[in-house]
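To start, the structure under review is shown below, and the notes come after it.
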Amino acid sequence: MNVDINTMLLALQDPQTYAHKTEKIELIETHISWVILTGMYAYKIKKPVNMGFLDFSTLAKRKHYCELELVLNKRLAADYYLEVVPVTGSYQQPTLGGGEEVIEYALKMRQFPKDAELDIKLASGVLDKSMMELLAEKIAAFHQQINVADDASSFGDLLHVHQPVLNSYAEIVKHVKDEAVIACLNSLKNWSCNEYERLKEIFLSRKNDGFVRECHGDLHLRNIAIVGDEVIAFDCIEFNEDLRWNDVISEIAFVCMDLDDHHCPELASRFLNHYLALTGDYAGLKVFNYYLVYRATVRAMVSCIRLKQEILT
């Protein structure tokens, strides 16, 4: 990690840095960002990285994507995404806001209880079918409201559908040495390619019928919270529009894959069935398994990237 950034992150964990009241401050690191939890608010800072599928390598780019993330996430969490805040001053004594030289940008969010997140609810045994229905209702309404891919755009075209699948397999293989695992990956890749060939006309009809839309893009249990009866889906993909514009059923498949991965197929079924009943999109089941496998490879790819970063750190 860059020495200046490390110094800044340490300083941002000091309660004296904040004008508002803080509780125990916690730093959470992902493969592309840091999130500082202060109790009342959370501050998200993008890592200065270029991974090909995202580019946060300059301050100007990080500012741009902070602003875009704010706009996009207000679609599903308007009360929680507040503003983009400049981090000014020095790395040793950073200030949130102020008129000094900008050294970084942070996305300020209203913090909700950690145990509101669905992965935590699942681990504690309180995630139930009624919550799956609430989630299905929220996402079904969202999918009806968001932008539909224009016929002239590449979103939903065959290359746009299949290239991310191939990219995921290619990235995973870079991190794998075990021949048995590589053989398994190749078998799965062959299945994906065969399904793609079989479903080409259906993929095109999905776009023609208006099911390719500007979705959340990263809808899984760790990016969803329920506070009371309010469903909050956060941390959508802002950094790559190709990963955000998807068939809506791909978004549904991501949640179902996550629930299946946690050995909760009954919750996945309740979520899927309620979503289909609300939207009538039963035709989406024809491509559901293709996207289910794709979302599993995305999870594997992200895990590989995170593991590599941890080793380097």
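The values are calculated or read from the model by the stated rules, or taken from the named source; none is laboratory data. The shown structure was predicted, so the numbers you read here are calculated from the model rather than taken from an experiment. Please note: Cβ atoms are built from the backbone with ideal geometry, for glycine as well, and neighbour counts cover all protein chains shown.
Quick look at the numbers
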| quantity | calculated |
| --- | --- |
| Within the stretch 215-255, strands (runs of 3 or more DSSP E) holding 3 or more residues that are under 18 Å from residue 137 (Cα atoms) | 224-227, 230-233 |
| Candidate set from the stretch 203-220 (those that are of a type in the set (Gly, Ala, Ser) and in contact with a strand residue (DSSP E or B) (Cβ under 8 Å, 6 or more places away or on another chain)); member that is surrounded by the most Cβ atoms within 10 Å (Cβ to Cβ) | 217 |
| Failed criterion for residue 187 (all others in (1) over 23 Å from the mean Cα position of the chain (by Cα); (2) farther than 27 Å from residue 138 by Cα; (3) in contact (Cβ under 8 Å) with a residue 24 or more places away in the chain hold) | (3) |
| Failed item in (1) within 30 Å of residue 129 (Cα to Cα); (2) touching a Ser or Thr at 6+ places or on another chain (Cβ under 9 Å); (3) of a type in the set (Ser, Thr, Tyr), with residue 30 passing the rest | (2) |
| Residue match in the stretch 48-63 (condition: in a loop (DSSP other than H, G, I, E, B), modelled with pLDDT of 95 or more, assigned by TED's automatic domain parsing to the domain that holds residue 91 and closer than 14 Å to residue 108 by Cα) | no |
| Residues that are in contact (Cβ under 8 Å) with a residue 60 or more places away in the chain, part of a helix (DSSP H, G or I) and within 27 Å of the chain's Cα centre (by Cα), drawn from the stretch 1-39 | 5, 8 |
| Only listed residue being within 16 Å of the chain's Cα centre (by Cα) and among the β-branched types (Val, Ile, Thr), chosen from 102, 71, 49 | 71 |
| Residue match in the stretch 145-166 (condition: within 28 Å of residue 129 (Cβ to Cβ) and outside the structural domain of residue 73 (by TED's automatic domain parsing)) | yes |
| Any pair with Cβ under 6 angstrom, 6 or more apart, that starts in the stretch 89-106 at a residue that is within 19 Å of residue 49 (Cβ to Cβ) and ends at one that is basic (Lys, Arg) and surrounded by 14 or more Cβ atoms within 10 Å (Cβ to Cβ) | 105/62; 105/63 |
| Close pairs (8 angstrom Cβ cut-off, 6 or more residues apart or separate chains): acidic (Asp, Glu) in the stretch 248-263, surrounded by fewer than 24 Cβ atoms within 10 Å (Cβ to Cβ) and not in a helix (DSSP H, G or I) anywhere | 251/217; 258/220 |
| Any hit, the stretch 19-30, residues being within 30 Å of residue 143 (Cβ to Cβ) and in contact with a strand residue (DSSP E or B) (Cβ under 6 Å, 6 or more places away or on another chain) | yes |
| Count of residues meeting criterion [surrounded by 20 or more Cβ atoms within 10 Å (Cβ to Cβ) and under 21 Å from residue 164 (Cα atoms)] in the stretch 258-287 | 3 |
| Residue 289, sole failed condition from (1) in a helix (DSSP H, G or I); (2) of a type outside the set (Lys, Arg); (3) touching a helix residue (DSSP H, G or I) at 6+ places or on another chain (Cβ under 6 Å); (4) in contact (Cβ under 8 Å) with a residue 40 or more places away in the chain | (3) |
| Identity of the residue in the stretch 249-300, among the aliphatic types (A, V, I, L, M) and in contact with a Pro (Cβ under 9 Å, 6 or more places away or on another chain), that ends up modelled with the highest pLDDT | 259 |
| Candidates 107, 127, 134, filtered to the one that is modelled with pLDDT of 95 or more and within 24 Å of residue 289 (Cβ to Cβ) | 127 |
| Subset of the stretch 30-76 (residues that are of a type in the set (Lys, Arg) and either exposed (fewer than 15 other Cβ atoms within 10 Å of the Cβ) or under 17 Å from residue 10 (Cα atoms) (or both)) | 44, 46, 47, 74 |
